[in-house]
Amino acid sequence: MIAPSAAERYLAAMAIQTKAKLVAIVDDDELMRSALQGMMKSVGLPSQAFASAEEFLKSGQHQQTACLIADIRMPGMSGLELQAKLNAEDCRIPTIFITAHGDTKMRMQALRAGAVEFLAKPFDDEVLLESVRAALEN
């Protein structure tokens, strides 16, 4: 068995402090959703995955969401559109964007609108976990 890293230990401790808080994962790729949920579970963070931005909004989970991990490009509402809708409703959730199709303009738009991080796929798991930790501290 591999010993947990410092980031994993810290995130596990944070999970205890944020019992009712949730990491929401919004990605149209089922394998990515599953992998991210497994990663959150491995460090003791509760998470829920959604196949689309619309599914996330309909769930009502945005009130319990402490951190949102969202793909940029998805059928229907994009991750950036989801962020804009949440911001317009004064529901500012620390958001980490992940994308295989990002560019500098898209990155700047996301960060200006309040994103915590903008990661290109494939991304380093430790970088994502550190970004989640930073989001949960807000």
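The values are calculated or read from the model by the stated rules, or taken from the named source; none is laboratory data. As the structure is a computational prediction, the values presented were derived from the model and not from experiment. We place every Cβ from the backbone using ideal geometry, glycine too, and count neighbours over all the protein chains shown.
What the table below lists for this structure:
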{"read-out": "Count - residues of the stretch 82-127 that are under 18 Å from V23 (Cα atoms) and either assigned to a strand (DSSP E or B) or of a type in the set (S, T, N, Q) (or both)", "value": "10"}
{"read-out": "Residues of the stretch 98-117 satisfying the condition of being touching a residue at least 12 places away in the same chain (Cβ under 8 Å) and surrounded by fewer than 20 Cβ atoms within 10 Å (Cβ to Cβ)", "value": "A100, H101, G102, M106, Q109, A113, G114"}
{"read-out": "Meets criteria (modelled with pLDDT under 90 and crowded, with 17+ Cβ neighbours inside 10 Å) for G79", "value": "no"}
{"read-out": "Test: residue in the stretch 16-31 that is within 24 Å of E137 (Cβ to Cβ), in a helix (DSSP H, G or I), touching a helix residue (DSSP H, G or I) at 6+ places or on another chain (Cβ under 9 Å) and at pLDDT 95 or above", "value": "no"}
{"read-out": "Index of the failed condition, F50 passing every other in (1) touching a strand residue (DSSP E or B) at 6+ places or on another chain (Cβ under 9 Å); (2) over 14 Å from V23 (Cα atoms)", "value": "(2)"}
{"read-out": "Residue list for the stretch 41-74, filter: of a type in the set (G, A, S) and either assigned to a loop (DSSP other than H, G, I, E, B) or more than 15 Å from the chain's Cα centre (by Cα) (or both)", "value": "S42, G44, A51, S52, S59, G60"}
